[in-house]
Amino acid sequence: MFCGLACFSPTVERETRELWKRYGGRIASSINELEGVQWFFAALGDCDWIRRLTEHGVTVHEQSWIVDSLKSGFTSLPSLYALHCGPLLEPNGSWLNVIRAGRIYLSSGTRLGRAPSRSKGLPYSSTA
């Protein structure tokens, strides 16, 4: 069902990695293989790992894509499981660090301070 070389964040469940291999996928076993990796998977709570990869243009998918695909009998649309990590403007004007999977926002609980008054809800950019 799966094909290609994958890299998993350290927080991805062992069972999920085993399913990837059992159903045709391969797992990168060394840093030397990273150049050939086609799939990156992470758990929702791994914001730092997700951010480091997405800042370099790498698409990271939520680990549940593997299990959900197996349950449905076909590989569902992976873009619905793409993870993004970054700030989100809250209604009270403060920034909340979130992980986004598709349309779902999950709070990491990290408040990033108040939004600049000139932002007016525009995307926040930071050099930090």
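The values are calculated or read from the model by the stated rules, or taken from the named source; none is laboratory data. As the structure is a computational prediction, the values presented were derived from the model and not from experiment. Quick reminder, even Gly has a Cβ in these numbers, built from the backbone with ideal geometry, and neighbours come from all protein chains shown. Protein only, heavy atoms only, side chains kept; ligands, DNA and RNA dropped before computing areas. Shrake-Rupley method; radii C 1.70, N 1.55, O 1.52, S 1.80 Å.
Shown is the FRET efficiency for ASN32 and VAL58, computed with R0 = 22 Å from the Cβ-Cβ distance and rounded to the nearest 0.05: 0.80. For region 1-70, the square roots of the Cα gyration tensor eigenvalues, ordered a ≥ b ≥ c, give a/c of at least 1.5 with a/b no greater than b/c, which places it in the oblate category. Here the peptides 29-35, 18-24 are ranked by packing, the mean other Cβ count within 10 Å, and the order with the highest first is 18-24, 29-35. Taking the 1.4 Å solvent-accessible surface of region 1-91 as the whole, the part contributed by carbon and sulfur is 54%.
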